[in-house]
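The values are calculated or read from the model by the stated rules, or taken from the named source; none is laboratory data. Given the structure is predicted, the values throughout are model-derived calculations rather than measurements. In this analysis, Cβ positions are derived from the backbone assuming ideal geometry, glycine residues included, and neighbour counts consider all displayed protein chains.
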Amino acid sequence: MEEIKKKQAISLAEVKEILGKVDVEEMDQIQRWTYDYVSKFVTTEPKEAKEMKKRLVKECELTEDEAVEIVNIRPTSLAELRSFTFGWKKLILAETLEKMLKIIKELS
């Protein structure tokens, strides 16, 4: 069993990029299921997903985990965005929500 070298939250687009470099024949069953899922449902390019995550963390003061959640879901309205951020149990100002939506729209 391999030793965990680094633990980091990554978007589904990044998962797709990583698994895309592995021979499907060498994947275990969970990796195959995951690769099948991201291949079918992920439309964001890894470069845009990484940039979106980086900007959400830097400009909106989100944690990496929160930013990844937003990158994966890509909400398109304030109401939709609020429904996800509500569960984080921290106050996010309306101007920050607007900034988050702007970043999502610019990089989607």
In region 81-101, the residues that are under 23 Å from LEU12 (Cβ atoms) and surrounded by 13 or more Cβ atoms within 10 Å (Cβ to Cβ): LEU81, ARG82, PHE84, THR85, TRP88, ILE92, LEU97, LYS99, MET100, LEU101
Sole miss for THR44 among (1) closer than 14 Å to LEU12 by Cα; (2) more than 10 Å from the chain's Cα centre (by Cα); (3) modelled with pLDDT under 95 is condition (2)
Which of the residues that make up region 66-79 are farther than 22 Å from ILE10 by Cβ and surrounded by 13 or more Cβ atoms within 10 Å (Cβ to Cβ)? LEU78
Hey, can you tell me all the residues within region 17-46 that are basic (Lys, Arg) and touching a helix residue (DSSP H, G or I) at 6+ places or on another chain (Cβ under 9 Å)? ARG32
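The rows are residues; the columns are (1) farther than 27 Å from SER108 by Cβ; (2) at pLDDT 95 or above; (3) of a type in the set (A, V, I, L, M).
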{"site": "LYS5", "(1), (2), (3)": "yes, no, no"}
{"site": "LEU12", "(1), (2), (3)": "no, yes, yes"}
{"site": "GLN29", "(1), (2), (3)": "yes, yes, no"}
{"site": "ASP36", "(1), (2), (3)": "no, yes, no"}
{"site": "LYS50", "(1), (2), (3)": "no, yes, no"}
{"site": "ARG55", "(1), (2), (3)": "no, yes, no"}
Looking at this structure, is THR63 surrounded by 14 or more Cβ atoms within 10 Å (Cβ to Cβ) and of a type in the set (Val, Ile, Thr)? no
